[in-house]
1. Please verify whether region 190-201 includes one or more residues that are more than 18 Å from the chain's Cα centre (by Cα) and either over 20 Å from residue 154 (Cβ atoms) or crowded, with 23+ Cβ neighbours inside 10 Å (or both).
2. Select from region 92-143 the residues that are over 30 Å from residue 179 (Cβ atoms), part of a strand (DSSP E or B) and open to solvent by 50 Å² or more (accessible area, probe 1.4 Å) and list them in ascending order.
3. Consider region 76-87. How many of its residues are open to solvent by 60 Å² or more (accessible area, probe 1.4 Å) and more than 13 Å from residue 23 (Cβ to Cβ)?
4. Does at least one position in region 23-35 carry a residue that is touching a residue at least 24 places away in the same chain (Cβ under 8 Å), closer than 27 Å to residue 145 by Cβ, of a type outside the set (Ser, Thr, Tyr) and open to solvent by 30 Å² or more (accessible area, probe 1.4 Å)?
5. Assigned to a helix (DSSP H, G or I) and β-branched (Val, Ile, Thr): does that describe residue 87?
6. Would you pick out the residues in region 46-68 that are out of contact with any strand residue (DSSP E or B) (no Cβ under 7 Å at 6 or more places or on another chain), assigned to a loop (DSSP other than H, G, I, E, B) and either acidic (Asp, Glu) or open to solvent by less than 30 Å² (accessible area, probe 1.4 Å) (or both)?
7. Answer yes if at least one residue in region 226-236 is small (Gly, Ala, Ser), more than 22 Å from residue 28 (Cα to Cα), part of a loop (DSSP other than H, G, I, E, B) and open to solvent by less than 30 Å² (accessible area, probe 1.4 Å), and no otherwise.
8. In region 164-192, what residues are in a loop (DSSP other than H, G, I, E, B) and within 25 Å of residue 18 (Cβ to Cβ)?
Amino acid sequence: MNYRHAFHAGNPADVMKHAVLARVLAYLAKKDTPYRVLDTHAGTGLYDLDGANAQRTLEADAGIETVLNAPLPEQAAALLAPYLDTVRALRAAEGRRLYPGSPALALALSRPQDRFLFCELNKEERVKLEKRVGHDPRAKILAQDGWQALAAHLPPRERRGLVLVDPPFEEQGEFHRLVEGLKSAYTRFATGIIMLWYPIKDLRAVDAFRREVAQLQLPKTLRVEIDFSEVRSLDILSGSGLIIVNPPFTLADEVRTLLTAITPLMARDGKGRVRVSWLTAAG
């Protein structure tokens, strides 16, 4: 499948990923010391949901638009506030129906002392990324293959932070690259938070991927998945998943709470499913 960001910005998979990303960044900001974010497949950083690409799919209607307008349980609303308030503030400032990709979201939720490396190999997308977030002195935009960046830029000077690997799944073998990328990142940055996103469509490929990750036996490896309906389909994107190594100790409970609240809102049948479990022991 092709999961180019511009066509799917703000859809249920994006909402799930960015809601969790915001919780991780909130945790990192609890300490005064700086952190670094390495985003290996950054995209353009900011998306116009009224633009041609987003309008071609209309996927945001079932994602961010639904969640923004829904009444949420108090605890879930509090956990989602950093993420949803960022979207609202961006729209209020720009007067347009915009959606922040991971670079814009990360910058909005960070402090002056934090630093960012955004990798984008596609020239057209990189030019847009530079225009949208390149003015921020905390951010460096690299015309570098994201997989190579895992070896070239880890560990960060700050010795704490997040590695986000979110490939577009345009080529065969992306699941295997995720496993190899995880090994590379963990070897160099064993104390960092490493977050891998993946689509759930080919169930056999996803099952094989999870087994490969579990076989690495990395401590503190969390699996977070949602399905967009109780009945999966092989013909369309059925769900969205994250592998998170070294997650904050509160994250499993937090994401279970917030995803249980919003997944039925985004699911095609009004139900959906949430799975949060440890692939390897938390302790």
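1. Checked against the condition, which is being more than 18 Å from the chain's Cα centre (by Cα) and either over 20 Å from residue 154 (Cβ atoms) or crowded, with 23+ Cβ neighbours inside 10 Å (or both), region 190-201 yields no hits at all.
2. None - no residue of region 92-143 is over 30 Å from residue 179 (Cβ atoms), part of a strand (DSSP E or B) and open to solvent by 50 Å² or more (accessible area, probe 1.4 Å), so the list stays empty.
3. Here the count works out to 1.
4. Within region 23-35 (the criterion being touching a residue at least 24 places away in the same chain (Cβ under 8 Å), closer than 27 Å to residue 145 by Cβ, of a type outside the set (Ser, Thr, Tyr) and open to solvent by 30 Å² or more (accessible area, probe 1.4 Å)), the answer is yes, since at least one residue qualifies.
5. In short, yes.
6. Those that are out of contact with any strand residue (DSSP E or B) (no Cβ under 7 Å at 6 or more places or on another chain), assigned to a loop (DSSP other than H, G, I, E, B) and either acidic (Asp, Glu) or open to solvent by less than 30 Å² (accessible area, probe 1.4 Å) (or both): 50, 51, 63.
7. yes
8. Correct list: 166, 167, 168, 169, 170, 171, 189, 191, 192.
The values are calculated or read from the model by the stated rules, or taken from the named source; none is laboratory data. Just so we're clear, the structure is a prediction, and the values are computed from it rather than from any experiment. Backbone-built Cβ (ideal geometry, glycine too); neighbour counts: all protein chains shown. Ligands, DNA and RNA are stripped out before the accessible areas are found, and what is left, the full protein with its side chains, is counted by its heavy atoms. Shrake-Rupley method; radii C 1.70, N 1.55, O 1.52, S 1.80 Å.
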